[in-house]
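One structure is given below, encoded as structure tokens.
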Amino acid sequence: MQRATPHLSPEEAGAYGAPYPDQSYKAGVRRFPELVMVRPDMEGVNTSKRAAKWWAQDWTGQSFMAIGMADPVSGPSSMTALRAGIKDCPEPLQIKEGGHFVQEWGDQIAHAALQAFGDT
């Protein structure tokens with residue numbers, strides 16, 4: 001947590017784990033890396049390809065993206081690639097100090113999203 005969002009105090013970072021009585025309740029987050037499709041023979045690859053094609057060709061809604069520029073997991077390069085696959089996705093809001101948990105800049109992001117969607 002501290003690596004991805006270094007501006008948080010130890011107490012604030014610890015609050016992310018507060019809802020979980022012990023490590024056994026965090027099985028999902030531990031399992032997630034194994035679910036990321038990195039080989040073409042993995043289960044779900046075809047579903048993901050169909051979804052990517054839909055986002056790139058058939059999506060007709062508005063979109064908004066905020067990128068934590070200091071994100072060690074899915075930073076600017078991977079988010080730029082993701083954005084390229086979303087039809088008509090505008091330039092993202094770049095949170096210079098933002099890590100993996102961009103919700104920590106929620107106020108800034110919410111205002112920018114409302115402005116982008118014309119709800120200001």
Legend entry - the stretch 81-98 residues near the modelled residue 54 label - backbone nitrogen below 19 Å, point 7 Å along Cα→Cβ: 82-89
Inset, instruction - Once you've got the GNM for the chain with C-alpha springs shorter than 10 Å, pick whichever of 88, 58, 22 has the biggest mean-square fluctuation. - result: 22
Inset, instruction - Please check the chain for the longest run free of trypsin sites (Lys or Arg not before Pro) that are loop-located per DSSP (anything but H, G, I, E, B) and have at most 14 other Cβ atoms within 10 Å. - result: 4-86
Inset, instruction - Please work out which option in (1) 15.2; (2) 14.7; (3) 16.7 gives Kirkwood radius over Cα pairs in Å calculated from these coordinates, and answer with its label. - result: (3)
Inset, instruction - Determine, for 111, 100, the number of other Cβ atoms within 10 Å of each Cβ, and report the residues in order from fewest to most. - result: 111, 100
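Report, in deg cm²/dmol and to the nearest 500, the calculated mean residue ellipticity at 222 nm for the chain, where each DSSP H run with n ≥ 4 adds -39500 (n - 2.57) and the sum is divided by the residue count.
After summing the helix terms and dividing by the residues of the chain, the value is -11500 deg cm²/dmol.
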Legend entry - Size of electric dipole in the stretch 10-116: Cβ of Lys, Arg +1 and of Asp, Glu -1, about Cα centre, debye, nearest 20: 520
Inset, instruction - Compute the FRET efficiency between residue 69 and residue 29 as 1/(1 + (r/R0)^6), taking r as their Cβ-Cβ distance and R0 = 25 Å, and round to the nearest 0.05. - result: 0.60
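Taken together, the values in this text are just the output of simple stated rules run on the coordinates, not laboratory data. Treat the numbers as computed from the prediction; the structure is a model and nothing was measured. Ideal geometry is used to build each Cβ from the backbone, glycine not excepted, and the neighbour counts take in all protein chains shown.
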